[in-house]
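K.L.:
One structure, pasted below without further comment.
The values are calculated or read from the model by the stated rules, or taken from the named source; none is laboratory data. These numbers come from a predicted model, not from an experiment. Don't worry about glycine lacking a Cβ; one is built from the backbone with ideal geometry, like all the others, and counts go over all protein chains shown. The protein model used for the area step is the full one, side chains on, heavy atoms only, and it has no ligands, DNA or RNA in it. Shrake-Rupley method; radii C 1.70, N 1.55, O 1.52, S 1.80 Å.
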Amino acid sequence: MSQMPFYVSPEQLMKDRADFARKGIARGRSVVVLGYDKGILFVAENPSRTLHKVSEIYDRIGFAAVGKYNEFENLRVAGVRYADLRGYSYDRSDVTARGLANAYAQTLGTVFTQESKPYEVEIAVAEVGRTQDEDQIYRLTYDGSVADERGFVAMGGAGEAIETGLGDAWHPGIVLGDALVLAVRLLAAGAPGSEPRQLGPDSLEVAVLDRERPRRTFRRIVGPLLADLLNTDSPTREAPAQDEHIPGRHGELSGEPDSDIGGPTASPRDASTNPQTQRPEPGPDSSGTADGD
Amino acid sequence: MTTEAQGRLPAAYLAAGSSSFRDFLAGAAPELLPGSRALPVGSSVEAPHGTTIVSLVYDGGVVMAGDRRATMGNIIANRDMEKVFAADEYSAVGIAGTAGVALELVKLFQVELEHYEKIESALLSLEGKANRLAQMIRGNLGMAMQGLSVVPLFAGYDLELGTGRMFSYDVTGGCYEERDHHSIGSGSLFARGSLKKLWRPGLDGDTAVSVAIEALYDAADDDSATGGPDTGRRIWPTVAVIDSGGVRFVDEDALAGAVDAIIAARQGNPGGAR
């Protein structure tokens, strides 16, 4: 049994833990979550193509994190489990970001006070609504505090500087391309006093929750499409409405020339848990032939 | 769900290692697993049964179709039930057997596949999906022995091989790959006979859909538990087409056209196409 040789006041203990967690988080590269006219955009500085900082949790809910990978990955998996269990026992429409943010807040708070070391993470949970007014973005910090943010969140080492920049330049109704360029400019500028860097498509992880898609709204933006959106001279300022037809690449929008854009816009099933009520309503563009096109 | 009661997410949520929703459920909320309930020994209940599902490969993918009837003894329990479902983007599952248990199994299977996809950022292989379904059916063996059996048919597009494939199951969870065509359920004998005569290598998609509807028609002709197309109520079979573009359900208008053509061709020719 470890025994405390000296008395440490609770204030000091909490302060030490908070300093420890904050230091760990400040070392990491930043992540920005911001609303745009048709959804919510996630931009992370992340050179890895496979170790994600931004992920899908559920149909309309996304997750972004900074800090220690193993710790936020653990929380991400817990979030997917929480959401899938919720949706399985009630209905898909009953899974909300608010419920998930509360579960995360309780977990982070308990770990902060009771475990030997707090989680060195900061996470954002976002839910895309029917309109931009109904979008929800929650920020959760290492001690379990939860904040309901309007419009945007920036986390990580340069978080505060980026939020100041977003406060000046972000406005509701900003289109995807402009929101992305703004986020990347602020990420590249970094914390005050640091050298501005060049951030190309290779060092960015970008994803959206697109409010106009049925059922699962999370899409990663990669490849030529990402380069086009980053290029202010390019005419591409929005994500394509239709999914691509590259087999096995669900959930990615790449804009590659051979991607055969023109795939189905409709999901094969509706957002409902009961298999009996999943048949999509016949839409104007549901194809009637077996051959498709 | 113990989440709310304790506030903090329980340990099962934060445990590392498993990408399976079913395994997670077994630890976190076992009462939600299908087949986890203990039934009184020697008892049996009368519950709605789903009937005939047919599936056949064509040039470019696989078609799966099911009638819409559920029966309970001599009663038609439901005349517009769905029995063919999209399991994920590239596979479909059709069910025969006790409807309630089967639907719960499909519901779990759908979440299982999506859960894996989200956690691993990758799709399961088609064989992986088929094996996963086999394990779920094996978990239902206890209920199957008391008469509540479920036997699905699983079909999907294999992204690695670039072909449509299908798998059938027995109540103990045996999983068998079927070639060319297959049918399950009470009308499956008649449907199989029909498929044998009508299926050819290299069918195109539209022909494959009408062969599937024709086979269901033949099943409904001779099996009282299989529902034929209901022109009065405009209830058509459920037909899913799975190809490299994913799962697609044939829409009502196209089905009405295909069914009308089959009914017209059978006037004075009750044996149908040959």
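K.L.:
Loop-only GluC sites (Glu not before Pro) in the stretch A:162-231, please: DSSP not H, G, I, E or B, and at most 13 other Cβ atoms within 10 Å.
P.N.:
Hits after loop and neighbour filter: A:E212.
K.L.:
Given the -39500 (n - 2.57) contribution per DSSP H run of 4+ residues, what per-residue ellipticity at 222 nm results for chain B, rounded to the nearest 500 deg cm²/dmol?
P.N.:
Theoretical 222 nm ellipticity from helices: -11000 deg cm²/dmol.
K.L.:
Then there is this: Report D for the stretch A:1-110 in µm² per second (integer): Stokes-Einstein, Kirkwood Rh on Cα pairs, 37 °C, 0.692 mPa s.
P.N.:
200 µm²/s
K.L.:
Rg and Dmax of chain B, Cα atoms, in Å?
P.N.:
Just the Cα atoms of chain B yield Rg and Dmax of 19.5, 70 Å.
K.L.:
Expressed as cubic angstrom per residue, what is the convex hull volume of the alpha carbon set of the stretch A:161-206?
P.N.:
For the stretch A:161-206, the hull spanned by Cα atoms encloses 73 Å³ per residue.
K.L.:
Would you mind calculating the relative contact order of the stretch A:1-102 from Cα pairs under 8 angstrom and at least 6 residues apart, reporting the percent as a whole number?
P.N.:
Relative contact order here is 18 percent.
K.L.:
Mind pulling the angle between the C-alpha long axis of helix A:69-89 and the longest principal axis of chain A? Nearest 10 degrees, somewhere in 0 to 90.
P.N.:
Approximately 50 degrees, to the nearest ten.
K.L.:
With the cut-off at 28 Å, report for chain A the share of all Cα pairs above it, as a whole percent.
P.N.:
The answer is 40 percent, as a whole percent.
K.L.:
Checking the a/c ratio against 1.5 first, then a/b against b/c, what shape does the Cα gyration tensor give for the stretch B:10-107?
P.N.:
Verdict is oblate for the stretch B:10-107.
K.L.:
State, to one decimal in nm, how far the label point of A:Q12 lies from the label point of B:R79, with both points 7 Å from Cα in the Cβ direction.
P.N.:
Once both label points are built, they end up 8.1 nm from each other.
K.L.:
What share of the DSSP beta bridges in chain A is antiparallel, in percent to the nearest 5?
P.N.:
About 95 percent, rounded to the nearest 5.
K.L.:
Which is the longest stretch in chain A that no exposed loop site breaks, taking sites as chymotrypsin sites (Phe, Trp or Tyr not before Pro) with a DSSP loop state and at most 10 other Cβ atoms within 10 Å?
P.N.:
A:8-293
K.L.:
How do B:V45, A:V206 stack up against each other in accessible area, from largest to smallest, with a 1.4 angstrom probe?
P.N.:
If we order B:V45, A:V206 from most to least accessible, we get B:V45, A:V206.
K.L.:
From zero outward in steps of 10 Å, how is the percent of C-alpha pairs of the stretch B:71-230 spread across the bins?
P.N.:
P(r) for the stretch B:71-230, in whole percents per bin: 10, 37, 37, 15, 1.
K.L.:
Over 25 Å between Cα atoms: which of B:K107/B:K129; A:K38/B:K107; A:K15/A:K68; A:K68/B:K118; A:K15/A:K53; A:K53/B:K118 fall into that group?
P.N.:
A:K38/B:K107; A:K15/A:K53
K.L.:
Let me ask something additional. So if I take the centroid of the Cα atoms in the stretch A:11-36 and the same for the stretch B:151-221, what is the distance between those two points in Å?
P.N.:
The stretch A:11-36 and the stretch B:151-221 have Cα centres spaced 56 Å from each other.
K.L.:
Given only helices, namely DSSP H runs of n ≥ 4 each adding -39500 (n - 2.57), what is the per-residue ellipticity at 222 nm of chain A, to the nearest 500 deg cm²/dmol?
P.N.:
-10000 deg cm²/dmol
K.L.:
Determine, from the Cβ-Cβ distance of B:L159 and B:A256 and an R0 of 35 Å, the FRET efficiency 1/(1 + (r/R0)^6), rounded to the nearest 0.05.
P.N.:
Approximately 0.60, to the nearest 0.05.
K.L.:
What list of whole percents do you get for P(r) of the protein assembly as shown, with Cα-Cα distances grouped in 10 Å bins up to the one holding the largest distance?
P.N.:
It works out to 3, 17, 25, 22, 16, 10, 5, 1, 0, 0, in whole percents.
K.L.:
Can you pull the one-decimal nm distance between simple spin-label points at B:A15 and B:D221, each 7 Å off the Cα toward Cβ?
P.N.:
5.4 nm
K.L.:
How much length, in nm to one decimal, is gained on full extension between A:N274 and A:S234, taken as 0.36 nm per residue of separation minus their Cα-Cα distance?
P.N.:
So the extension gain works out to 10.0 nm.
K.L.:
What is the local net charge at B:F109, summed over the other residues whose Cβ is closer than 12 Å to its Cβ (Lys, Arg +1; Asp, Glu -1)?
P.N.:
0
K.L.:
Specify whether the C-alpha gyration tensor of the stretch B:118-171 places it in the rounded, prolate or oblate class, a ≥ b ≥ c being the square roots of the eigenvalues: rounded for a/c under 1.5, otherwise prolate if a/b is larger than b/c and oblate if not.
P.N.:
oblate
K.L.:
Another one. Can you tell me the convex hull volume per residue for the stretch B:79-126, based on C-alpha atoms, in Å³ to the nearest whole number?
P.N.:
73 Å³
K.L.:
Additional query: So if I restrict to the alpha-carbon atoms in the stretch A:98-192, what is the Rg, and what is Dmax, the biggest pairwise distance, in Å?
P.N.:
Looking at the stretch A:98-192, its Cα Rg and Dmax stand at 14.9, 45 Å.
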